[in-house]
Amino acid sequence: MEAPAPLRSAADQGEDVTITQRNYDDETVLVVDFGQGVDAGLDIVGDTAIVVAGDRQFEFEVPPEATEITTNDGILEIRSS
């Protein structure tokens, strides 16, 4: 699974955003870390995910293969199986 474009762009521009993909036998987990001390919140409206991390906002289409999208302690996880 590929990271959504707005998140990739933030990571590529040197913002304090780190993206890691973990592949397991039965699922893939895309992990987006918005940096130490940054709280991240998530809203999903229809097919759009809206992530507010600190003073930044990211909007992207929910990947069609995503089975779960969550945030916890400033970490966004997008899971697919």
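Values quoted throughout were computed directly from the atomic coordinates according to the rules given, and no laboratory measurement underlies them. Given the structure is predicted, the values throughout are model-derived calculations rather than measurements.
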Along the range 5-22, what does the Karplus equation 6.51 cos²θ - 1.76 cosθ + 1.60 (θ = phi - 60°) give for ³J(HN,Hα), rounded to whole Hz, x for Gly and Pro?
3, x, 6, 4, 4, 4, 5, 5, 7, x, 5, 7, 10, 10, 10, 10, 10, 10
If one puts a single equal scatterer on every Cα of the chain and applies the Debye formula without solvent, what log₁₀ I(q)/I(0) results at q = 0.20, 0.25 Å⁻¹?
-0.85, -1.34
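What is the gain in length, in nm to one decimal, between Ser80 and Asp39 on full extension, counting 0.36 nm per residue of separation less the C-alpha to C-alpha distance? Don't skip to the answer; put the middle values down first.
On the way: separation 41, 0.36 × 41 = 14.76 nm, distance 2.35 nm.
So the chain would gain 12.4 nm between Ser80 and Asp39.
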